[in-house]
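**Q** Okay, handing you the structure first.
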Amino acid sequence: MMHLIQRLPLAVVMMISTIQARAEVASSIDAPVQVSRSNKVDLPHCVDTELEVAGVKDSVNANRKNEFKYDKYRQITAGDSELQLLTRLAYAETMAANCPEKRDKIYPGIVAVIVHRLRNNSCGKKSSQIKCTVRDVVFQLNQFASSLNIYDESQYKEFLCPRDSRLWTQIYAESQAMLNGSQSASGLSQKATMYFLYKHSPKYEKEPWVAKEEMTSATQPSQSCIRFFQGNK
């Protein structure tokens with residue numbers, strides 16, 4: 001190849017070199033970098049000013065019974081990738097479990113449930129022909145109330161502004177692995193699409209459904225905090 005290039009005019013050689021360089025850059029952008037739990041990942045965009053948080057609260061409360069309920073969240077996270085948005089929700093839901101000593105055991109199952117809903121195309125779409133996105137799953141009305149609705153125990157502020165870099169990195173790595181097709185570290189089957197947080201709030205002490213529970217050796221240590229169920233959500 002080199003001996004052919006050497007015979008070409010200088011301008012053509014320079015053009016070929018530029019095209020090759022651009023291709024290499026594009027390739028490096030397109031190829032996702034697999035993150036391990038030991039590599040620190042930058043925290044996402046943070047919304048924590050009093051004015052911004054008040055705007056979210058006002059919007060959610062003003063639209064509590066309609067499809068526009070989470071529009072402010074959608075606007076704020078518009079710049080997030082699907083991986084970042086999935087991590088943001090799983091992070092807030094892990095905090096909402098209210099079991100700080102067991103977070104490392106809790107988050108894999110939460111990530112699994114979110115991704116299972118994506119894989120099962122379960123996000124409230126009226127037509128099964130319309131494929132769900134991570135954004136559709138995250139913002140399905142009232143499905144992740146403990147991170148998005150506004151009440152005392154809700155972790156909506158953690159959704160808006162994750163601060164624990166170690167936990168964020170762990171959840172990011174698990175989310176990335178599952179989006180890339182790996183099985184969950186929780187060991188849950190793809191039928192597991194629901195969970196209940198038993199220590200989240202004294203207002204909600206028992207799951208409001210009758211469904212088959214799933215338990216694995218990985219989820220059993222945290223069952224006093226969270227349990228997983230099969231369903232069609």
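What follows draws every value from the coordinates through simple rules; no lab data is involved. Treat the numbers as computed from the prediction; the structure is a model and nothing was measured. FYI the Cβ positions are ideal-geometry reconstructions off the backbone, even for glycines, and counts take in every protein chain you see.
**Q** Among the aspartates and glutamates, which have Cα under 19 Å from the Cα of Lys126 when same-chain residues fewer than 8 positions away are ignored?
**A** The reachable aspartates and glutamates, counting only those whose Cα sits under 19 Å from Lys126, are Glu67, Asp136.
**Q** Quick check on my link table: of Lys102/Lys203; Lys40/Lys72; Lys40/Lys157; Lys72/Lys191, which ones sit more than 24 Å apart, alpha carbon to alpha carbon?
**A** As for pairs spanning more than 24 Å Cα to Cα, those are Lys40/Lys72; Lys72/Lys191.
**Q** Short version: ³J(HN,Hα) in whole Hz for each residue of the range 214-225, in order, from phi by Karplus 6.51 cos²θ - 1.76 cosθ + 1.60 (θ = phi - 60°), x for Gly and Pro, what are they?
**A** 10, 9, 10, 4, 7, 8, 4, x, 10, 5, 6, 9
**Q** Scaled to the compact-protein estimate 2.2 N^0.38 Å, what is the alpha-carbon radius of gyration of the range 42-230, rounded to two decimal places?
**A** 0.96
**Q** Can you put Ser175, Ser222 in order of Cβ neighbours within 10 angstrom, beginning with the fewest? Let's see the in-between values first.
**A** Values: Ser175 29, Ser222 22.
Going from sparsest to densest Cβ surroundings: Ser222, Ser175.
**Q** Let me ask another. Pairs of alpha-carbon atoms within less than 8 angstrom and 6+ residues apart define the contacts here; what relative contact order does the range 97-162 have, in percent?
**A** 17 percent
**Q** Take Asp71 and Ser201, extend 7 Å from each Cα along the Cα→Cβ direction, and tell me the distance between the two endpoints in nm.
**A** If labels sit at Asp71 and Ser201, their model points lie 2.4 nm apart.
**Q** Applying the Karplus parametrisation 6.51 cos²θ - 1.76 cosθ + 1.60 with θ = phi - 60° to the phi angles of the range 104-110, what ³J(HN,Hα) value in whole Hz is obtained for each residue in order, glycine and proline being reported as x?
**A** 5, 8, 7, 5, x, x, 5
**Q** For Arg88, Arg119, what's the fewest-to-most ordering of other Cβ within 10 Å of each Cβ?
**A** Listed from fewest to most nearby Cβ atoms, that is Arg119, Arg88.
**Q** Once the convex hull of the C-alpha atoms of the range 108-212 is built, how many Å³ does it hold per residue, rounded to a whole number?
**A** Hull volume over Cα atoms, normalised by residue count, gives 126 Å³.
**Q** Hey, fewest Cβ within 10 Å first, where do Trp168, Trp209 land in order? Don't jump to the answer; show the numbers that get you there.
**A** Details: Trp168 21, Trp209 10.
Fewest to most other Cβ atoms nearby, the residues stand as Trp209, Trp168.
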